[in-house]
Amino acid sequence: MSAGLSGRLAALVHDATTGTVTAEQALAGGSLRALGLDSLGALRLIDAIDLEFGVEVDLGDGPGADTLDAITRMVEERL
């Protein structure tokens, strides 16, 4: 898994949640929803990933899909 990609996605999480979830928290692992990612933040994150990388991700795509590791894998698979 690309550390650079994970770092960039963590920054997008921070921006999408307007600071509720820090990049450091996202990088530490675990559910982004448990950390404070709400439905509006999830939509912002999905849009930001699409705009930056040109790929679509589904944060509701199974258990654990809302972790930074899972999102990073989804983006890598679609690039």
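The values are calculated or read from the model by the stated rules, or taken from the named source; none is laboratory data. Quick caveat: nothing in here was measured; it's all calculated off a predicted structure. All Cβ positions, even for glycine, are placed from backbone atoms using ideal geometry, and neighbour counts span all protein chains on display.
Of the residues making up the stretch 1-27, those that are assigned to a loop (DSSP other than H, G, I, E, B) and either surrounded by fewer than 16 Cβ atoms within 10 Å (Cβ to Cβ) or of a type in the set (K, R) (or both) are M1, S2, T18, G19, T20. For L45, the conditions (1) farther than 20 Å from E77 by Cα; (2) crowded, with 17+ Cβ neighbours inside 10 Å are fulfilled apart from (1). Of the residues screened, D38 is one that is surrounded by 12 or more Cβ atoms within 10 Å (Cβ to Cβ) and at pLDDT below 95. Only one of the numbered conditions (1) part of a loop (DSSP other than H, G, I, E, B); (2) modelled with pLDDT under 95 is violated by E77, and that is (1). Scanning the stretch 48-64 for residues that are among the small types (G, A, S) and at pLDDT 95 or above, we see that the one that is surrounded by the fewest Cβ atoms within 10 Å (Cβ to Cβ) is G54.
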